[in-house]
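Please read the structure below before turning to the comments.
The values are calculated or read from the model by the stated rules, or taken from the named source; none is laboratory data. The model shown is predicted, which means the values in this text are computed figures rather than measured ones. Here the Cβ is made from the backbone with ideal geometry for all residues, glycine too, and neighbour counts use every protein chain on show.
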């Protein structure tokens, strides 16, 4: 009977697993959850349109305070050139509007009626029909309802809301809505010159030769000519006074992985030839050939098809040279076709080489950064060098994701708890950015919430990467990329062969590149381990200084009021979790008293501080995390010390020592304490992994970018290379700690000798 029941359950489970699951309703909303304001009918959309219009109908820039570009009339008059330009005033960079007034860009990205690259795919990566849609848009009413193989619920909902002519109606509504919300720009990817607000025109080159991962073959002899034709067409907008600047190639800067992969490219690839020539100039032909593990000259190096790990300093310098080469060419193209407008270059993101960004800053009119971390820790690290280069910064993308409205968070770095938290995060982030004298503005990404099905595909890293690579102009099909990536990462093998392949590389110290951080795993580890060691080391020393004396005191005053108080404190430290203490400390010292920042490693004014001021700022941000670690660790040590001390104090040799007339201080600290140390060694030795592993929960709660926080982010993102390295590192630390414990026994216990 039992077997029959289990068999039936198995059949039912199989049928349910194979049945299509409905995830998205006719409005593009998640079906598995309800929330206030969720759309249930077309009438609701039309009612919301009628309710909103009287509220925003008169929205516009106050002519008594702003010019028509959002420039401040009360901040001085400057030369009116008819175009946006940049100007440094009293140590701070500003944009100057065409009418000659200071302007700080407060923008919103992707204002339009198309969801673009963030719409829901109509098909699975393998080409099969995507399940989960209740109803697809009516293409007779909404021609853009399905475009490029993606479902555009935004356009379909706008048609339901505004009826025929929804394009023009929504355009006017959105313009007034943005101004009413406090925005003065559509930043990037908006309606451009037809919308009536300042904007940055972003462009991706369509006809240039590409390397893997969409990178441009920038040394290709035909690159300048191909890019020049596109720049000439793009600059037809040069007469639009709302055009702030041009931007090209979003998030497409080189990184170390690109250079190492370039070494294994086809011999005919121009950028590979440039890399080989660079190494020959730098090291000589013979030494360069050794790096490629070939015998021969330039030709043998070009024929190499094996990926190699080039020296980090060579990679960094070549990236610098390549970035200067690329940006010099494109800058000259824009100067040729539109010398009057600014060129901001590309938007840079976390994971790209710093060398690429710094070199770009030498040629562009501003540095554009996409920074999704609430505390902007990556971009803050760039600021000292950018201050030296003295180039403005434009934060082109940032946002904060919440899953309380049917959406699924896709970026754990910018995920917040609820809708109110999104508003608080926006305020915190923008105030922090505005305090930076380099910052000339920012753009919130994006105008509409992203569809529920966009970033929730159950897929592997290789599948996601193959999908991106296959969408580049002239790229190989998805399946070819997938097969290539699976072979490169050993995902085409079984579990055991795949593990053995990884193990054979790991024992040689080769752990590969992090999928999330886009740098070698070991490099990322080296960047963050120091902070965790400092935090762990300080908290360990402080906790020992506090816990051991208190444990001894409690033992010597057994059953006294002092003993009871210390025991109660120890029990609280043992029983209550770290997140409770962290939240309590933040509420008291950050929210109520305002002594410390809630999150992050640096404050909003970090970039303007001196070296000593920056040190103090970092130290200030570590106070609460260290206190949290100390509180949660002293309890067990106090109890352990007290218990062992009581056992020792009842020993015969302690009574003998007292009978001989030795002072209580000598009895306690010379005779009893040393023997109490013997069991304490186990705790001290076992704490070694904790010193280097980072306090995962505490670092995450305070957004401290140590190894604990980074490893958590990597695990959430499915970063297998980094996770495997981290777990291997922890295993080695555990073995080392056991060895050190055995050695320490010989130090504290005279009965133990190392033979």
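Annotations for the structure displayed:
- Qualifying position, being without any contact (Cβ under 8 Å) to a residue 12 or more places away in the chain and closer than 30 Å to residue 40 by Cβ, among 148, 112: 148
- Hey, residue 110 in contact with a helix residue (DSSP H, G or I) (Cβ under 7 Å, 6 or more places away or on another chain), assigned to a helix (DSSP H, G or I) and crowded, with 18+ Cβ neighbours inside 10 Å or not: no
- First in region 425-436 and touching a residue at least 24 places away in the same chain (Cβ under 8 Å) and on the phi < 0 side of the Ramachandran plot, second anywhere and surrounded by fewer than 15 Cβ atoms within 10 Å (Cβ to Cβ) and outside any helix (DSSP H, G or I), Cβ under 8 Å, 6 or more apart: 435/605
- Count of residues meeting criterion [surrounded by 13 or more Cβ atoms within 10 Å (Cβ to Cβ), within 14 Å of residue 630 (Cα to Cα) and in contact (Cβ under 8 Å) with a residue 12 or more places away in the chain] in region 577-603: 5
- If you go through region 368-384 and keep only what is outside any loop (DSSP other than H, G, I, E, B) and either surrounded by fewer than 24 Cβ atoms within 10 Å (Cβ to Cβ) or without any contact (Cβ under 8 Å) to a residue 60 or more places away in the chain (or both), you end up with 369, 370, 377, 378, 379, 380, 381, 382, 383, 384.
- As a summary of the residue check, residue 574 satisfies the conditions (1) part of a helix (DSSP H, G or I); (2) at pLDDT 80 or above except for the one numbered (2).
- The single condition from (1) modelled with pLDDT under 95; (2) in contact with a strand residue (DSSP E or B) (Cβ under 7 Å, 6 or more places away or on another chain) that residue 331 fails is (1).
- Residues of region 385-399 that are assigned to a loop (DSSP other than H, G, I, E, B) and within 12 Å of the chain's Cα centre (by Cα): 399 alone.
- Among the residues here, residue 345 qualifies as touching a strand residue (DSSP E or B) at 6+ places or on another chain (Cβ under 7 Å) and on the phi > 0 side of the Ramachandran plot.
Rundown of residues vs (1) in a helix (DSSP H, G or I); (2) over 28 Å from the mean Cα position of the chain (by Cα); (3) free of Cβ contacts under 8 Å to residues at least 24 places away in the same chain, yes/no style:
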residue	(1), (2), (3)
254	no, no, no
260	yes, no, no
264	no, yes, no
271	yes, yes, no
274	yes, yes, no
295	no, yes, yes
322	yes, no, no
330	yes, yes, no
358	yes, no, no
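- Residue 33 vs. criteria surrounded by fewer than 15 Cβ atoms within 10 Å (Cβ to Cβ), over 19 Å from residue 161 (Cβ atoms) and modelled with pLDDT under 90: yes
- When residue 336 is tested against (1) under 19 Å from residue 228 (Cβ atoms); (2) crowded, with 18+ Cβ neighbours inside 10 Å, just one condition goes unmet, and that condition is (2).
- Residue 98 vs. criteria free of Cβ contacts under 8 Å to residues at least 12 places away in the same chain and part of a loop (DSSP other than H, G, I, E, B): no
- Hits in region 566-609 - residues which are more than 25 Å from residue 377 (Cα to Cα) and over 29 Å from the mean Cα position of the chain (by Cα): 566, 567, 568, 569, 570, 571, 572, 573, 574, 575, 576
- Here the condition is being surrounded by fewer than 20 Cβ atoms within 10 Å (Cβ to Cβ) and in contact with a helix residue (DSSP H, G or I) (Cβ under 7 Å, 6 or more places away or on another chain); of 657, 672, 651, it holds for 657 alone.
- Of all residues in region 291-307 being touching a helix residue (DSSP H, G or I) at 6+ places or on another chain (Cβ under 8 Å) and farther than 20 Å from residue 257 by Cα, the one that is surrounded by the most Cβ atoms within 10 Å (Cβ to Cβ): 294
- Among the numbered conditions (1) closer than 21 Å to residue 665 by Cβ; (2) touching a helix residue (DSSP H, G or I) at 6+ places or on another chain (Cβ under 9 Å), the only one that residue 545 does not meet is (2).
- Among the candidates 288, 274, residue that is surrounded by 15 or more Cβ atoms within 10 Å (Cβ to Cβ), closer than 19 Å to residue 317 by Cβ, out of contact with any helix residue (DSSP H, G or I) (no Cβ under 7 Å at 6 or more places or on another chain) and at pLDDT 90 or above: 274
- If the condition is being touching a strand residue (DSSP E or B) at 6+ places or on another chain (Cβ under 8 Å), in a loop (DSSP other than H, G, I, E, B) and at negative phi, then region 24-72 contributes 31, 65, 69, 71.
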